[in-house]
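Notes follow once the structure below has been shown.
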Amino acid sequence: MSGTSQQTCLACGAPMRPFISQISDDRYGCPGTYAILECTRCGHMTTTPPLTEADLPALYSNYYPRREIDFTALEAEARQAERPNAGLRRWFAGTDNQGHYMARPGDKVLDIGCGSCLSLLEMRSMGVECWGVEADPNVKAIADRYGLTVHIGNIYDVPFPDVKFDLIVLNQVIEHVPDPKAMLTAVKSRLAPGGRVALAFPNNGSFHRKMWKERWINWHIPYHQTHFNKASFSRIAADTGYNVQSVRTITPNLWSVLQLRVAREQKKEGVASAAWSGDAAASAKPSLARKIRNVLASRSVRAAGMLIGIGNRFIDAMGKGDSLLVVLTPSNR
Ligand SMILES: [Zn+2]
């Protein structure tokens, strides 16, 4: 940890102090120990030592699980957006924490870090004209299959140079990038007049972070480089030439379920977590006793899911939810 205490806050410039002195990857078993630093003034946090853009390809291709793509599951998921009361269902599940649901029919939308392309499929069915950017080359197969326009690379490549966007979406992306200010600046130059940027990312001021402390799933070391809160992100946005149009906190119920599973595990540096990599026991042929237990368990899981949903919607309403959804507009047009 030598030298790290001299770092200053990206948001406000105040000195940083150690917050968690030793933390490692408890999802995918990437070896190495990191620390979390906290700003002494605004509570902004960073992972140290920091990564550079050059570190990312090896890290993500070696340790981030890119499973075989299940096209049937992806298509079924995309059809959820067309079900009656889809918006209400998303509200209860906490899955409306994603910026692309703000797109309006006829908008031109760029999704940076589009991953499985689910957001692009959903937007296309909403009558939105959409483009994606994704660093993972595996995503090309998805884009090709569904005729989606996805640039494999990053925003600094200036993809689709002739298009200006009404909405640019970064769903759970800004916390991964080594230089959030550079990302916000690059994105701003791609907006059409009246355009907005919608970002979703974990909230270090959340109830869940305080409750789960070092086992909070959204530390996600070392992939999450920056741990923002509402105030620190607003400062960074202002510094890069934006106004904050709206801020909400939303907690996906799935995050709470994963959090409960993770909390039961013994964490071990360099070992992938069963909660994140899938349960090996589940693929074994179940005994009758296990089948009965599974039925009982799935009922209690459903009841627990309902309680988790009610709890999360209440916490979100208090502004203490686990994901921030922020909408920015340029301040200097
Ligand atoms: Zn600060």
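The values are calculated or read from the model by the stated rules, or taken from the named source; none is laboratory data. The model shown is predicted, which means the values in this text are computed figures rather than measured ones. Glycine also receives a Cβ, built like all others from the backbone with ideal geometry; neighbour counts cover every protein chain displayed. Surface accessibility is based on the protein's heavy atoms, side chains included, excluding ligands, DNA and RNA. Shrake-Rupley method; radii C 1.70, N 1.55, O 1.52, S 1.80 Å.
Considering only 178, 161, 252, give the residue with the highest GNM mean-square fluctuation for the chain, with springs between Cα atoms whenever their separation is below 10 Å.
Result: 161 has the largest fluctuation of those listed.
Using the Karplus equation 6.51 cos²θ - 1.76 cosθ + 1.60 (θ = phi - 60°), what ³J(HN,Hα) coupling, rounded to whole Hz, does each residue of region 131-141 give in order, writing x for Gly and Pro?
Once rounded to whole Hz, the list reads 10, x, 10, 8, 6, 7, x, 4, 6, 4, 4.
Roll a 1.4 Å probe over the protein heavy atoms and report the accessible area of residue 101 in Å², nearest 10.
Rounded to the nearest 10, the figure is 50 Å².
Please tell me which of these pairs span more than 23 angstrom C-alpha to C-alpha: 181/213; 108/188; 108/320?
In this structure, 181/213; 108/320 exceed 23 Å between Cα atoms.
Amide H of residue 196: which non-local residues (sequence gap of 5 or more, or other chain) have their own amide H closer than 5 Å, using H built in the peptide plane?
167, 168
Over the chain, with every protein chain in place, what whole percent of the accessible area is carbon and sulfur at 1.4 Å, could you tell me?
56 percent
I'd like the distance separating the alpha-carbon centroids of region 106-158 and region 37-66, in whole Å.
Result: 24 Å between the Cα centres.
Considering only DSSP beta bridges where both residues belong to the chain, give the percentage that are antiparallel (nearest 5).
Here the share of antiparallel DSSP bridges comes out near 60 percent.
Counting only heavy atoms of the protein chains, get the accessible area per residue of region 140-253 (1.4 Å probe) and round it to a whole Å² value.
On a per-residue basis, 37 Å².
Can you give the relative contact order of region 1-156 as a percent, counting alpha carbon pairs under 8 Å and 6+ residues apart?
12 percent
Grab the Cα-Cα distance for residue 303 and residue 125, subtract it from 0.36 nm times how many residues apart they are, and report the gain in nm with one decimal.
Gain in length upon complete extension: 60.9 nm.
Between residue 317 and residue 95, what is the label-to-label distance in nm when each label sits 7 Å out along the Cα-to-Cβ direction?
About 2.3 nm separates the two model spin labels.
How many nm is it between the label spots at residue 17 and residue 185, if each spot is 7 Å from the Cα in line with the beta carbon?
Using points 7 Å along Cα→Cβ, the separation is 3.1 nm.
Using θ = phi - 60° and the Karplus form 6.51 cos²θ - 1.76 cosθ + 1.60, what ³J(HN,Hα) does each residue of region 163-169 get, whole Hz, x for Gly and Pro?
Couplings: 9, 10, 10, 6, 8, 10, 10 Hz.
Please build a GNM for the chain, connecting alpha carbons under 10 Å apart, and tell me which residue among 85, 97, 312 fluctuates the most.
Comparing 85, 97, 312 in a Gaussian network model of the chain, the most mobile one is 85.
Could you give me the ³J(HN,Hα) list for region 245-260, computed from phi with Karplus coefficients 6.51, -1.76, 1.60 and θ = phi - 60°, whole Hz, x at Gly and Pro?
In residue order, the calculated couplings are 7, 7, 9, 9, 10, 9, 10, x, 4, 4, 4, 5, 5, 4, 4, 5 Hz.
Which far-off residues, 5 or more places away or on another chain, put their amide H under 5 Å from the one on residue 171, with H placed in the peptide plane?
Here 112, 200 satisfy the definition.
Got a sec? What order do 91, 219, 131 fall in by accessible area at 1.4 Å, biggest, i.e. largest, first?
Largest accessible area first, the residues go 91, 131, 219.
Hey, can you grab everything whose amide H is under 5 Å from the amide H of residue 107? Only 5+ residues off in sequence or another chain; H modelled, so Pro and N-termini drop out.
Residues meeting the criterion, in which the H sits 1.01 Å from N, are 129.
Say each of residue 149 and residue 215 gets a label point 7 Å from the Cα, pointing the same way as Cα to Cβ; how far apart are those two points in nm?
4.7 nm
For a quick check, take a GNM of the chain with Cα springs below 10 Å and name the residue from 140, 210, 320 with the largest mean-square fluctuation.
210
Determine how large the accessible area of residue 72 is when every protein chain is in place; take a 1.4 Å probe and give Å² rounded to the nearest 10.
100 Å²
How big is the antiparallel share of DSSP beta bridges in region 1-155, given as a percent to the nearest 5?
55 percent
What figure, in Å² to the nearest 10, do you get for the accessible area of residue 148 with a 1.4 Å probe and non-protein molecules left out?
20 Å²
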